[in-house]
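Participant: Following this message is one structure expressed as structure tokens.
The values are calculated or read from the model by the stated rules, or taken from the named source; none is laboratory data. Everything numeric in this text was worked out from a predicted model, so none of it was measured. Ideal geometry is used to build each Cβ from the backbone, glycine not excepted, and the neighbour counts take in all protein chains shown.
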Amino acid sequence: MSSDLPEYYFRVRENGAAVFRVDAENRQRRIEMDQIAVVNIRNGEIKPQGDRVLSDGDIERIRQWMNARAQVLAQRDIDDIHRAVDHLNLTTQWVQSKATDEQLDAVTDALLLAMHDLRSTLVRKKADRLP
């Protein structure tokens with residue numbers, strides 16, 4: 001089993017991860033995880049844990065993880081936007097076919113303001129991109 005384990009484990013946190021070195025090659029044959037660093041995806045910072053000095057290999061592997069994680073998060077952002085478009089379409093269908101007057105009274109102003117804000121921002125950003 002130990003040969004199947006990765007050398008590093010990344011416990012995801014809000015802005016990055018806690019990085020652990022995985023060791024299963026000990027006398028008790030237990031999996032041990034030794035925290036070696038904390039990373040911040042937003043600012044690219046890698047902080048060694050305690051007095052630890054990270055090897056070039058450690059830093060390279062952590063940076064690889066950070067790059068892969070940034071790509072995953074960027075893809076999730078786009079997926080969330082596509083889901084939002086779907087939700088807008090489903091909301092339109094709900095308004096047209098199922099919503100009661102009371103339900104519409106409860107959500108109309110909030111929806112109109114949010115859609116106005118989104119439309120204004122999209123139009124401004126599109127204008128900024130025009131040659």
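Participant: Given (1) among the small types (Gly, Ala, Ser); (2) under 30 Å from Asp4 (Cα atoms); (3) surrounded by 13 or more Cβ atoms within 10 Å (Cβ to Cβ), where does Ala74 come up short, assuming only one miss?
Facilitator: (3)
Participant: Okay, moving on. Does Arg129 meet the test of being of a type in the set (Lys, Arg), farther than 15 Å from Tyr8 by Cα and touching a residue at least 12 places away in the same chain (Cβ under 8 Å)?
Facilitator: no
Participant: Condition check: touching a residue at least 40 places away in the same chain (Cβ under 8 Å), farther than 30 Å from Met115 by Cβ and touching a strand residue (DSSP E or B) at 6+ places or on another chain (Cβ under 8 Å). Does Val19 satisfy that?
Facilitator: In short, yes.
Participant: Now a separate question. Confirm whether Leu90 is surrounded by 10 or more Cβ atoms within 10 Å (Cβ to Cβ) and either part of a strand (DSSP E or B) or touching a residue at least 12 places away in the same chain (Cβ under 8 Å) (or both).
Facilitator: So Leu90 fails the test.
Participant: For Gly50, state whether it is on the phi > 0 side of the Ramachandran plot and touching a Lys or Arg at 6+ places or on another chain (Cβ under 9 Å).
Facilitator: no
Participant: If I go through the range 14-57 residue by residue, how many of them are modelled with pLDDT of 95 or more, small (Gly, Ala, Ser) and touching a helix residue (DSSP H, G or I) at 6+ places or on another chain (Cβ under 9 Å)?
Facilitator: The qualifying residues number 4.
Participant: Which of the residues that make up the range 45-71 are farther than 18 Å from Gln35 by Cα and surrounded by 13 or more Cβ atoms within 10 Å (Cβ to Cβ)?
Facilitator: If the condition is that a residue be farther than 18 Å from Gln35 by Cα and surrounded by 13 or more Cβ atoms within 10 Å (Cβ to Cβ), then Arg69, Ala70 are the ones that fit.
Participant: Go through the residues of the range 5-13 one by one and say whether even a single one is among the acidic types (Asp, Glu), at pLDDT below 95 and on the phi < 0 side of the Ramachandran plot.
Facilitator: Within the range 5-13, one or more residues are among the acidic types (Asp, Glu), at pLDDT below 95 and on the phi < 0 side of the Ramachandran plot.
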